[in-house]
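Data first, discussion second: the structure below is written as structure tokens.
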Amino acid sequence: EVSQRKVLASQCHGIIEWESGQLLVSTDSGVYAVDPVTMETRLFAAIPEGVRPHGLVWNPQRQRINVVANNKDALLGFDTNGLLRDFDFVLRGEKSNSAAFHHLNDVAYDNDALYLSMFSLTGSWKSGAYDGGVYALDAETLNPIGPVIQGAKMPHSISFEDDQLWFCNSLPGMLTQGD
């Protein structure tokens, strides 16, 4: 049985456990802390305009909350006080890009690496080439490690459980798991 209650009137894309509650990212208004008992929300961090935030994760290598900046192919790095400290363009992302080549969705951390799900590994999703997958970056330097999953169609929601990587392969409607 599932019960639902609206705690924030906003479009949200990611949620993680954080301290004594959760952090969730709102596309419209920022990163929010959620009290697990009262379900009250408070703004934890403001998001820069035009980045369209998606997934988020705690990155212990950088001591940052990394948030996917979907419209910029970038990762935002917030400290534990909610201050934006890093704006790192990854893969083909650049400040001058007005569009995302890869359409980054979610981010997960495991074994000193960040794993990014994306609609296109080659950067061609706007041309209809949904050659998506999961790409690994070194969690400290954000240098590319390489693709770990290829051929996915609109992958979202990466997580690690029991030494397995899980993600939603959204277009075909599949929950996928592997090592």
Revision key, fill the gap. Given (1) over 12 Å from the mean Cα position of the chain (by Cα); (2) on the phi < 0 side of the Ramachandran plot; (3) among the hydrophobic types (A, V, I, L, M, F, W, C); (4) buried (at least 16 other Cβ atoms within 10 Å of the Cβ), residue 91 misses just (2)
Check your understanding: What are the residue pairs meeting all of these: first residue in the stretch 6-18, first residue over 17 Å from residue 65 (Cβ atoms) and among the hydrophobic types (A, V, I, L, M, F, W, C), second residue modelled with pLDDT of 90 or more and surrounded by 14 or more Cβ atoms within 10 Å (Cβ to Cβ), Cβ atoms under 7 Å, and 6 or more apart or on different chains?
Key -> 7/34; 7/41; 8/26; 8/32; 8/41
Exercise for review: Return yes or no: is residue 85 closer than 24 Å to residue 146 by Cβ, of a type in the set (Lys, Arg) and either assigned to a strand (DSSP E or B) or at pLDDT below 90 (or both)?
Suggested key: no
Practice item. Among what's in the stretch 35-45 and is among the aliphatic types (A, V, I, L, M) and modelled with pLDDT under 95, pick the residue that is surrounded by the most Cβ atoms within 10 Å (Cβ to Cβ). Key: 39
Check your understanding: What tally of residues in the stretch 126-152 results from selecting those that are surrounded by 12 or more Cβ atoms within 10 Å (Cβ to Cβ), without any contact (Cβ under 8 Å) to a residue 24 or more places away in the chain and more than 16 Å from the chain's Cα centre (by Cα)?
Key -> 3
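The values are calculated or read from the model by the stated rules, or taken from the named source; none is laboratory data. Predicted model only: the values in this text are computed from it and were never measured. Heads up, the Cβs are rebuilt from the backbone with ideal geometry, glycines too, and the neighbour counts pull from every protein chain shown.
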